[in-house]
Amino acid sequence: MLFVELLKTAWQSLRTNPRRSLLTIFGIVIGIAAVITIISLGNGVKAKLLNELQATSTGKQTTKINYYSNNGSNKMGFAQNDVERIKGNFSSLAQVRVLNPISRITTSAQIGSQLKNISVTLLQKPVTGIKLIAGHQLNQYDLAVASPVALINRKTAKKQYHDPANAIGTSVEIKHVYYRVIGVYTSNVSRYQTNFLLPKKVFYQNLSANSGNTLKLTFNQGVNVSKETKQIVKFLKKNGTQHKNGHYEYFDLGKLLKSISKVIDELTIFISAIAGISLFIAGIGVMNMMYTSVSERTQEIGIRLAVGAQPNSILLQFLLEAVMLTVSGGLLGFALGGLLAKLISLALPFKAILTLNSFLLAFGVSAFVGIVFGILPAKQAANKNLIDILR
């Protein structure tokens, strides 16, 4: 008998008892839907985390190298020379940029007759996270025209001038620039809990635009970021403008990304395996239905054997019935699982991701369940003896 004819016969046999067939399919649908939902959400979490950790949306990966002074020097670790040397020696880089810090910068200041170590936060726009005790805030005009004015923290002002109001109008020398104190503030925001708030333009106006203690590297696609960054750090230790006065450190983002990806994949597989237990139970249901079908259709099997049907044809027909049940359930489960994942992700900060691999998994697993749990009933049908049936 041709395969197409066997397929039609198997379909017609399943249609003779649609309720039983649908109930059997339902178990497969639940199992596959659970697995697909978990995998889709896992893919979404993975994509979200990797996208946030990567610095660009074009697939290019970034890393940062930080410079730390050995003797507390206020000199910046990276300059334009470092940028040019790195660009000239490493073709794997798409961009090299020095980042200027703006928060909790440690430096020295001449306050009155005393030289003190202080911390400052640099402002690019007026802030709202502070409470003014005396004087007035830095306004947009001060920041735009780079006026050498400053806000002093209440604790610093009280310690230096006893009465915070006495700080108004005084001058503070920071990096050879005299700032006039125009306000005293207090704040619960951590980034503003520094000694002074200064305009960024003024603080960096006497420094090169490419001066700073953090170097941001953007690599071309396909580059081994960890390996390349190690080589750049090694290069800076020998050729960096400040290599004798400090040291260089970097955070291996590529290694972190691989570790996170591996953990998410392992968790997804583990949870999917637990959900896959329902597929085993559904497979038992398929086997039970097929055994029942074989028992009910003994006369049909006998007639087919009497007219010359081969045992292999009977085995293939019953096996096809089992596979058709499970594959139908697998496809419906894939659709249901994808829909559930999309609905669940509406309440989450990431989107579920359905992939071709998920579809192939649903199809492959459901077909495998049909073959494994359908083979024994199919063999029983194929091994029936015509004489025993006639008796």
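Just to be sure, is residue 264 of a type in the set (A, V, I, L, M, F, W, C) and touching a Phe, Trp or Tyr at 6+ places or on another chain (Cβ under 8 Å)?
Numbers: of a type in the set (A, V, I, L, M, F, W, C): yes; touching a Phe, Trp or Tyr at 6+ places or on another chain (Cβ under 8 Å): no.
Judged against the criteria, residue 264 is not a match.
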Go through region 307-343 and report how many residues are of a type in the set (A, V, I, L, M), in contact (Cβ under 8 Å) with a residue 60 or more places away in the chain and either touching an Asp or Glu at 6+ places or on another chain (Cβ under 7 Å) or more than 17 Å from residue 275 (Cα to Cα) (or both).
7
Counting just the residues of region 38-68 that are open to solvent by less than 40 Å² (accessible area, probe 1.4 Å) and hydroxyl-bearing (Ser, Thr, Tyr), which one comes out modelled with the lowest pLDDT?
56
Could you grab me the full set of residues in region 243-299 that are within 21 Å of the chain's Cα centre (by Cα) and under 26 Å from residue 334 (Cβ atoms)?
261, 262, 263, 264, 265, 266, 267, 268, 269, 270, 271, 272
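Hey, can you tell me all the residues within region 226-260 that are of a type in the set (Asp, Glu) and open to solvent by 60 Å² or more (accessible area, probe 1.4 Å)?
Residues of region 226-260 that are of a type in the set (Asp, Glu), as a first pass: 228, 249, 252.
Correct list: 249 only.
Let me confirm something: among 192, 204, 178, which residue is modelled with pLDDT of 90 or more and among the aromatic types (Phe, Trp, Tyr)?
On the way: 192 fails: modelled with pLDDT of 90 or more; 204 fails: modelled with pLDDT of 90 or more.
Answer to the check: 178.
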Six or more apart or on different chains, Cβ atoms under 9 Å: show the pairs whose first residue is in region 237-253 and hydrophobic (A, V, I, L, M, F, W, C) and whose second is assigned to a loop (DSSP other than H, G, I, E, B).
253/54; 253/55; 253/61
If you go through region 114-136 one residue at a time, how many are open to solvent by 60 Å² or more (accessible area, probe 1.4 Å), out of contact with any strand residue (DSSP E or B) (no Cβ under 6 Å at 6 or more places or on another chain) and within 16 Å of residue 199 (Cα to Cα)?
3
Out of the residues in region 266-292 that are open to solvent by less than 60 Å² (accessible area, probe 1.4 Å) and at pLDDT below 80, which is nearest to residue 44 (Cα to Cα)?
268
Looking for something in contact with a helix residue (DSSP H, G or I) (Cβ under 6 Å, 6 or more places away or on another chain), on the phi > 0 side of the Ramachandran plot and either surrounded by fewer than 13 Cβ atoms within 10 Å (Cβ to Cβ) or not in a strand (DSSP E or B) (or both) - is there at least one such residue anywhere in region 142-152?
yes
Select from region 81-98 the residues that are open to solvent by 40 Å² or more (accessible area, probe 1.4 Å) and not polar (S, T, N, Q) and list them in ascending order.
84, 85, 87, 88, 94, 97
Collect the residues in region 340-385 that are of a type in the set (D, E, K, R) and in a helix (DSSP H, G or I), keeping them in residue-number order.
342, 379
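Does region 307-339 hold any residues that are part of a helix (DSSP H, G or I) and open to solvent by 70 Å² or more (accessible area, probe 1.4 Å), and which are they?
If the condition is that a residue be part of a helix (DSSP H, G or I) and open to solvent by 70 Å² or more (accessible area, probe 1.4 Å), then 312, 331, 332, 339 are the ones that fit.
The values are calculated or read from the model by the stated rules, or taken from the named source; none is laboratory data. Predicted model, so just to flag it, every value in this text is computed and none were measured. Note that we place each Cβ from the backbone using ideal geometry, even for glycine, and neighbour counts take in every protein chain shown. Just so you know, the surface numbers come from the protein's heavy atoms only, side chains and all, with ligands and any DNA or RNA stripped out. Shrake-Rupley method; radii C 1.70, N 1.55, O 1.52, S 1.80 Å.
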